[in-house]
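The values are calculated or read from the model by the stated rules, or taken from the named source; none is laboratory data. None of the values given here were measured: they were computed from a predicted structure. Here the Cβ positions follow ideal geometry from the backbone for every residue, glycine too, while neighbour counts run over all protein chains shown.
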Amino acid sequence: MSHVTLDFRLNGTGRTELIAGGETLLSLLRHRLDTTSIKQGCRQGTCGSCTVIVDGEPRLACITLAATCDGCTIETAESLPGPGGLHPLQQAFMDHFAAQCGFCTTGMLMAAKALLAANPSPTREDVVDAISGNICRCTGYQPIIEAVLAAAGAGPSGAGQPGGSRPGVV
Amino acid sequence: MEFRKDLFANERDDDLNEVGRPTQRQDAQGHVTGRSRFFDDYALPGMLHMKFARSPHHHARVRSLDTREAAQMPGVVRILTSEDVPKKVHTLLILLDLGPDDEPPLAFDKVRYRGEPVAAVIAESESAAAAAAAKVRVDYEPLPAVFDVEEALAPGAPLVNEYHGRNWYDYNGYDFRKIRFGDVERGFREADHVVEERYQMSPIEHAPTETGGCIAAPDTAGRYVCYTNTQALFFSLETAARILDLPSNRLHFVGGTVGGGFGGKVDSVHEPLALLGAMLTQRPVRSAYSRAEEMQVSSPRGAERFYVKDGVMDDGRIVARYARIYFDAGAYSRLSPYGAVKAAAHMPGPYYIPNVWVDARCVYTNRTPSSAMRGFGVTGADFALEVQMDKLARLVGMDPMEFRIFNAYRDGDMKAHRRVTKNAALIECVQAAARIADWPLSERFQAMSSTRDGGGERGVIPPAPAPGPGPGKGASGRRVPPAGAEAAATTARPPAPADAPTVASPARSPLAGRGRMSSLLGTRRR
Ligand code: FES
Ligand code: FES
């Protein structure tokens with residue numbers, strides 16, 4: 001199988017990798033570069049758990065050929081702040097009980113982050129539309145929608161919102 | 001949210017510091033930062049992948065199994081067949097002393113459901129393992145299959161599982177789990193109406209976002225480690241130890257992070273074989289369902305069929321219930337014998353019924369083995385019972401909420417399982433639900449309480465009828481219609497709550513005028 005060289009930025013770091021022609025972005029990032037926040041729920045483009053942001057757009061890594069990402073900027077949940085200073089979306093997901101088993105969470109966060117970057121004041125319909133490709137089997141979606149709306153209300157950048165402003169689930 | 005601690009005043013005196021307030025999951029921070037480690041995030045150097053050759057037949061004899069061609073495929077390291085498995089036949093509930101062993105981790109003489117694994121191929125990559133699994137040659141002799149619980153019980157049905165010797169689970173010498181309380185035949189004779197309905201559930205797949213799987217690897221000092229998403233870590237550990245015939249202290253299970261379970265990750269199908277692969281190759285071995293496998297071969301909730309026959313009085317009292325339950329275990333027991341018990345135990349519902357007869361059968365068919373799934377046994381029973389309650393309410397012309405309040409257990413009532421009701425709160429729950437839903441309840445039902453008018457005559461175990469075949473079993477063992485269901489006779493009536501109507505009967509629904517409804521059984525689609 002022919003190999004090609006791929007140049008891209010992953011979470012702020014420039015990388016060059018030799019990839020097989022048919023290799024998916026999921027396989028490259030998750031299996032070779034240990035970006036394990038990208039989950040594989042189906043590997044057939046139906047669950048959204050592998051959602052990453054490529055040049056600002058949410059993409060399903062399992063059905064994206066790595067070779068199409070030459071020169072691209074790729075963000076995964078690893079790019080979000082760590083426990084020390086959470087991103088408003090992360091804080092809102094915690095406050096609103098939007099992460100239950102957590103398996104869909106990183107994909108949801110990426111879909112939501114791409115939405116807020118493009119549309120800082122989304123309506124509920126915008127949020128529903130943005131996460132419509134992401135399956136969650138635990139939460140019933142409402143807490144996730146509330147969390148994204150709350151994060152949008154908290155304003156841009158990592159200012160964060162004072163936690164627990166609105167209990168999602170009691 | 002409304003807390004009515006007064007209803008539980010005699011039960012708990014803690015002040016509920018946590019319940020009712022938002023709280024943070026301890027794993028939430030790991031989830032939102034992508035740092036929670038699921039089993040598949042433990043990919044180890046040199047890890048091998050396991051994929052299964054699966055039966056294309058629902059039921060077939062295995063004449064021969066040939067792995068030679070598969071073994072020649074690129075990347076293949078080892079192929080497991082049942083010859084490699086120390087304990088060739090196992091059952092999950094044996095850990096609770098419920099046998100018999102009835103399921104091979106890898107099939108040998110027969111396959112009993114479509115998708116049953118017959119060989120496990122271990123290779124350098126998942127795609128190499130899958131490609132080689134497709135080259136395992138099995139000579140099958142297809143056998144007649146049965147997919148319906150009642151057909152499986154009929155004479156002449158194909159025998160699904162030889163380890164049981166018949167198509168149902170034996171509960172200590174009985175072909176069903178039974179509940180016997182009072183005299184249902186007398187209850188039906190006295191009832192103003194008798195209604196029998198059939199309720200059929202479907203298998204339900206849990207469809208967790210993370211499919212089931214594990215990674216097993218050699219550890220030091222002859223031990224093996226297993227990173228798994230089982231929902232039952234020690235149960236899976238003991239199951240693996242038994243199948244591998246190893247002392248359990250040779251196994252170290254790491255788990256707790258489960259990407260959705262809902263009951264679907266307790267069957268311990270991956271761990272024993274991945275561990276066996278790690279033992280035989282001395283390398284890490286990963287086994288995980290693809291999404292398609294998760295949907296096709298992981299165990300769903302069993303499809304239950306319920307026949308519920310109730311006797312009800314014009315004033316709304318349910319005086320007798322006769323329920324037959326057929327719990328579809330699929331080809332193997334897994335946890336279904338327990339699910340059928342739960343269905344039986346749940347059958348009277350949260351209602352006081354003085355005469356109850358339940359037969360719950362756990363039946364084997366050539367469907368995917370069913371197992372735990374979110375209240376299995378109970379949710380299906382609730383569906384049947386609550387739809388039945390609506391029908392009964394309509395029949396006697398009562399409001400469905402009021403009908404439930406009227407028949408609810410009250411403190412002191414004897415349940416069909418011979419436990420006295422304590423801290424009942426159904427009446428208050430229905431009252432609260434009606435208030436929130438703006439559902440008008442008449443004053444009489446608003447005034448009812450779980451703490452009043454229970455017990456007394458309702459608190460004793462009713463006398464059993466003279467020994468006889470009962471409503472469901474003639475001498476042949478086949479179901480016969482209850483004797484005398486159509487006859488009218490009066491003996492002592494079951495005691496009514498003190499606030500039962502004494503003057504006028506409730507307004508009648510159009511159906512009520514039909515008097516006794518004969519059994520609907522047989523006129524409905526099977
Ligand atoms: S793993 Fe990519 S969409 Fe499911
Ligand atoms: S939190 Fe479990 S799938 Fe969404």
Checklist entry - For the stretch B:189-198, does any single residue satisfy the condition of being away from ligand 2 (no atom under 16 Å from the Cβ), in contact with a Ser or Thr (Cβ under 9 Å, 6 or more places away or on another chain), modelled with pLDDT of 95 or more and within 30 Å of B:Asp267 (Cα to Cα)? => result no
Checklist outcome for this item: If we ask which residues in the stretch A:50-70 are assigned to a strand (DSSP E or B) and within 15 Å of the chain's Cα centre (by Cα), their number turns out to be 8
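Residues are listed down the side, and each one gets a yes or a no for (1) aliphatic (A, V, I, L, M); (2) buried (at least 24 other Cβ atoms within 10 Å of the Cβ); (3) at pLDDT 95 or above; (4) in the same structural domain as A:Gly48 (by TED's automatic domain parsing):
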{"position": "A:Thr64", "(1), (2), (3), (4)": "no, no, yes, yes"}
{"position": "A:Ala67", "(1), (2), (3), (4)": "yes, no, yes, yes"}
{"position": "A:Phe93", "(1), (2), (3), (4)": "no, yes, yes, no"}
{"position": "A:Ala98", "(1), (2), (3), (4)": "yes, yes, yes, no"}
{"position": "A:Gly107", "(1), (2), (3), (4)": "no, yes, yes, no"}
{"position": "A:Met110", "(1), (2), (3), (4)": "yes, yes, yes, no"}
{"position": "A:Leu116", "(1), (2), (3), (4)": "yes, no, yes, no"}
Checklist entry - Any idea which residue in the stretch A:62-78 is nearest to the other protein chains (Cβ to nearest Cβ), counting only those that are touching a helix residue (DSSP H, G or I) at 6+ places or on another chain (Cβ under 9 Å) and polar (S, T, N, Q)? => result A:Thr76
Checklist entry - Being touching a residue at least 24 places away in the same chain (Cβ under 8 Å), within 14 Å of another protein chain (Cβ to nearest Cβ) and touching an Asp or Glu at 6+ places or on another chain (Cβ under 6 Å), is that true of even one residue in the stretch B:194-212? => result yes
Checklist entry - Within the stretch A:80-90, is there a residue that is of a type outside the set (A, V, I, L, M), more than 19 Å from B:Ser36 (Cβ to Cβ) and away from every other protein chain (no Cβ under 14 Å)? => result no
Checklist outcome for this item: Counting only residues in the stretch A:36-57 that are β-branched (Val, Ile, Thr) and more than 7 Å from chain B (Cβ to nearest Cβ), the one farthest from A:Tyr141 (Cα to Cα) is identified as A:Val54
Checklist entry - Can you spot a residue in the stretch A:113-120 that is within 13 Å of another protein chain (Cβ to nearest Cβ), farther than 21 Å from A:Glu75 by Cα and either more than 16 Å from ligand 1 (Cβ to nearest atom) or under 15 Å from the mean Cα position of the chain (by Cα) (or both)? => result no
Checklist entry - In the stretch B:269-282, is there at least one residue being within 14 Å of chain A (Cβ to nearest Cβ) and either surrounded by fewer than 21 Cβ atoms within 10 Å (Cβ to Cβ) or modelled with pLDDT under 95 (or both)? => result no
Checklist entry - Hey, any hits in the stretch A:98-109 for a residue that's in contact (Cβ under 8 Å) with a residue 24 or more places away in the chain, more than 7 Å from chain B (Cβ to nearest Cβ), within 14 Å of ligand 1 (Cβ to nearest atom) and under 30 Å from A:Gly153 (Cα atoms)? => result yes
Next on the checklist: Take A:Leu116 and tell me if it is in contact (Cβ under 8 Å) with a residue 24 or more places away in the chain, part of a helix (DSSP H, G or I) and more than 16 Å from ligand 2 (Cβ to nearest atom).
Outcome noted: yes
Checklist entry - B:Ala60: out of contact with any helix residue (DSSP H, G or I) (no Cβ under 6 Å at 6 or more places or on another chain) and within 14 Å of another protein chain (Cβ to nearest Cβ), yes or no? => result no
Item to check | Residue within the stretch A:70-91 that is touching a residue at least 40 places away in the same chain (Cβ under 8 Å), surrounded by fewer than 15 Cβ atoms within 10 Å (Cβ to Cβ) and under 28 Å from A:Gly22 (Cβ atoms) present | outcome: yes
Next on the checklist: Checking the condition within 16 Å of ligand 1 (Cβ to nearest atom), of a type outside the set (Lys, Arg), surrounded by fewer than 24 Cβ atoms within 10 Å (Cβ to Cβ) and in a loop (DSSP other than H, G, I, E, B), which residue from A:Cys42, A:Cys47, A:Cys136 passes?
Outcome noted: A:Cys42
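Can you work out which of the residues in the stretch B:299-350 that are at negative phi and among the basic types (Lys, Arg) is farthest from the chain's Cα centre (by Cα)?
My answer is B:Arg317.
Kindly indicate whether A:Ala98 is under 16 Å from the mean Cα position of the chain (by Cα), closer than 27 Å to B:Thr23 by Cα, within 13 Å of ligand 2 (Cβ to nearest atom) and not in a helix (DSSP H, G or I).
On the way: under 16 Å from the mean Cα position of the chain (by Cα): yes; closer than 27 Å to B:Thr23 by Cα: yes; within 13 Å of ligand 2 (Cβ to nearest atom): yes; not in a helix (DSSP H, G or I): yes.
Here the answer is yes, as A:Ala98 does meet what is asked.
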Item to check | Within the stretch B:137-169, tally of residues that are outside any loop (DSSP other than H, G, I, E, B) and more than 16 Å from B:Cys362 (Cα to Cα) | outcome: 6
Checklist entry - Is there any pair with a first residue in the stretch A:134-152 that is closer than 20 Å to B:Gly259 by Cα and in the same structural domain as A:Phe93 (by TED's automatic domain parsing) and a second that is part of a helix (DSSP H, G or I) and within 16 Å of ligand 1 (Cβ to nearest atom) whose Cβ atoms are under 6 Å apart and which are 6 or more apart or on different chains, and what are they? => result A:Asn134/A:Gly107; A:Asn134/A:Met108; A:Asn134/A:Ala111; A:Ile144/A:Met108
Item to check | The one condition in (1) within 12 Å of another protein chain (Cβ to nearest Cβ); (2) among the basic types (Lys, Arg); (3) more than 7 Å from ligand 1 (Cβ to nearest atom) that A:Arg15 fails to fulfil | outcome: (1)
Checklist outcome for this item: Expected output for the stretch B:216-244 (first residue surrounded by 20 or more Cβ atoms within 10 Å (Cβ to Cβ), partner among the aromatic types (Phe, Trp, Tyr) and in a helix (DSSP H, G or I), Cβ below 8 Å, 6+ apart or cross-chain) is B:Tyr227/B:Phe39; B:Tyr227/B:Tyr42; B:Thr228/B:Phe39; B:Asn229/B:Phe39
